[in-house]
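Each remark here refers to the structure printed beneath this line.
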Amino acid sequence: MSSETTSDSAMSMFEVHPSSHPRTLAERTAALEHLAFGAVFSDHMAHAVWTPDAGWHDQRVEAYAPISLDPAAAVLHYAQEIFEGLKAYRHADGSVWAFRPEANAARFAASAHRLALPELPAAQFLGSIEALVSTDLEWVPGSVGSSLYLRPFMFASEPFLGVRPSQQVDYLLIASPSGPYFTSGFQPVSIWVAEGYHRAGPGGTGAAKCGGNYAASLLPQQQAIENGCAQVCFLDAATNTYLEELGGMNVFIVTDDGEVHTPALTGTILEGVTRRSILQLLADDGRQVHERQISLAEITEQIASGRITEIFACGTAAVVTPIGELKSTGFDLTVAGGEAGPVTQWLYQHLTDLQYGRIEDPYGWMRRLA
């Protein structure tokens, strides 16, 4: 079966109910003129409902609008919810593409399993994206560095007070035309290492993309900002010794022998789609890549000695971000003169060139949406 046939079939799962009050051309043009990240939303959203008897049903694309929740909705009391993040990119010929959305669909299902939520089939996940992007195609920006950020999410909507999985679940997908995640663009950022707070613990929800993990990061993130840093990096909860990830990004280091190191997935770290893609690109470039435990003591010692030549973070929102400084209560270290290194620059350029269609895609990572 061709990908076009699969795409058409997936899109047909979501019936489109056009908004009766879409933004005018002038309003949309103004909204797209000065793009921040996640501040403006398109005219429509995708929506589906799950119950044990009916399964997934009532799939539709409808007007973007507030949602009504009972005050006893389970998500408000027990945080049973998950989400994803991916982007739609406009290419020079006007076509619109997503980067590895099948990987997001698989991770969404894995997160649902961990949070005792019903798994949304990949075909319906992809169908919601294609139906919404096709409906709001004019909202996909074409300016340099811009994209349509897509946020699928699922939450427990059954009204009840009691600790058990919800018997009613809502799935929604919203879209936000966005500029760069960091307003400074591709520039080195400062990172605060949190030594007293942790994002997740062994056996917890660290490998799932759920709101609770991010809620736990907000206080240390606030401390990072108070100390002049853009993001916070967490250590492992078991020993308070090993690097894990940033508040919303995976982390890599490059050593003076050209080899690359990143924390191993232990169940407490989210497996990023960008992380997985970078591992493939580095391997194909002939570099030795090590997924292992990396201690903070090793990092601070090797930055000081010059053994570490680059540190960078990666994720859907920012793609690749150079790290120019690591700070905490006991140290303040500049990484490689505070500049973006050649490996970091190459990865950022290669990934963004692929995402925006400026180079060929030998991996089949890009999926055409419109």
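The values are calculated or read from the model by the stated rules, or taken from the named source; none is laboratory data. Remember, predicted model here, so these are calculated numbers, not experimental data. As a convention, Cβ positions derive from the backbone with ideal geometry for all residues, glycine included, and neighbour counts pool all protein chains shown. Each accessible area value is taken on the protein alone, full model and side chains, heavy atoms only, with ligands, DNA and RNA left out. Shrake-Rupley method; radii C 1.70, N 1.55, O 1.52, S 1.80 Å.
Tell me, which strands (runs of 3 or more DSSP E) wholly within the stretch 211-269 include 3 or more residues that are under 20 Å from Arg307 (Cα atoms)?
250-255, 260-263
In the stretch 151-179, the residues that are in contact (Cβ under 8 Å) with a residue 24 or more places away in the chain and of a type in the set (Asp, Glu) form Cβ pairs under 6 Å with partners that are part of a loop (DSSP other than H, G, I, E, B) and open to solvent by less than 60 Å² (accessible area, probe 1.4 Å), at six or more places apart or across chains, as follows: Glu158/Ser166; Asp170/Ser157. Only one of Ala340, Ala318, Ala283 is free of Cβ contacts under 8 Å to residues at least 40 places away in the same chain and out of contact with any helix residue (DSSP H, G or I) (no Cβ under 7 Å at 6 or more places or on another chain). Can you tell me which? Of Ala340, Ala318, Ala283, the one residue that is free of Cβ contacts under 8 Å to residues at least 40 places away in the same chain and out of contact with any helix residue (DSSP H, G or I) (no Cβ under 7 Å at 6 or more places or on another chain) is Ala283.
When Leu76 is tested against (1) part of a loop (DSSP other than H, G, I, E, B); (2) open to solvent by 60 Å² or more (accessible area, probe 1.4 Å); (3) of a type in the set (A, V, I, L, M), exactly one condition is not met: (1). Quick check on Glu119: is it charged (D, E, K, R), part of a loop (DSSP other than H, G, I, E, B) and open to solvent by 50 Å² or more (accessible area, probe 1.4 Å)? In short, yes. The residues of the stretch 208-229 that are in contact (Cβ under 8 Å) with a residue 40 or more places away in the chain, within 21 Å of Leu326 (Cβ to Cβ) and open to solvent by 30 Å² or more (accessible area, probe 1.4 Å), listed by number, are Asn227, Gly228.
Looking across the stretch 337-351, the residues that are outside any loop (DSSP other than H, G, I, E, B) and surrounded by fewer than 18 Cβ atoms within 10 Å (Cβ to Cβ) come down to Gly337, Gly338, Pro342, Gln345, Trp346, Gln349, His350. Scanning the stretch 12-54 for residues that are small (Gly, Ala, Ser) and without any contact (Cβ under 8 Å) to a residue 24 or more places away in the chain returns Ala26, Ala30, Ala54.
Just to check your reading of the model, which residue among Val133, Val163, Val169 is over 26 Å from Asp70 (Cα atoms) and either in contact with a helix residue (DSSP H, G or I) (Cβ under 7 Å, 6 or more places away or on another chain) or aliphatic (A, V, I, L, M) (or both)? I'd like the intermediate steps shown before the answer.
Values: Val163 fails: over 26 Å from Asp70 (Cα atoms); Val169 fails: over 26 Å from Asp70 (Cα atoms).
Of Val133, Val163, Val169, the one residue that is over 26 Å from Asp70 (Cα atoms) and either in contact with a helix residue (DSSP H, G or I) (Cβ under 7 Å, 6 or more places away or on another chain) or aliphatic (A, V, I, L, M) (or both) is Val133.
Check the stretch 191-207 and report whether any residue there is small (Gly, Ala, Ser), closer than 30 Å to Glu339 by Cβ and either open to solvent by less than 10 Å² (accessible area, probe 1.4 Å) or in contact with a Phe, Trp or Tyr (Cβ under 9 Å, 6 or more places away or on another chain) (or both). Taking every residue of the stretch 191-207 in turn, at least one turns out to be small (Gly, Ala, Ser), closer than 30 Å to Glu339 by Cβ and either open to solvent by less than 10 Å² (accessible area, probe 1.4 Å) or in contact with a Phe, Trp or Tyr (Cβ under 9 Å, 6 or more places away or on another chain) (or both).
Against the definition (closer than 19 Å to Gln59 by Cβ, assigned to a strand (DSSP E or B) and within 18 Å of the chain's Cα centre (by Cα)), how does Ala175 come out, yes or no?
Numbers: closer than 19 Å to Gln59 by Cβ: yes; assigned to a strand (DSSP E or B): yes; within 18 Å of the chain's Cα centre (by Cα): yes.
Yes; evaluated as a whole, the condition is true for this residue.
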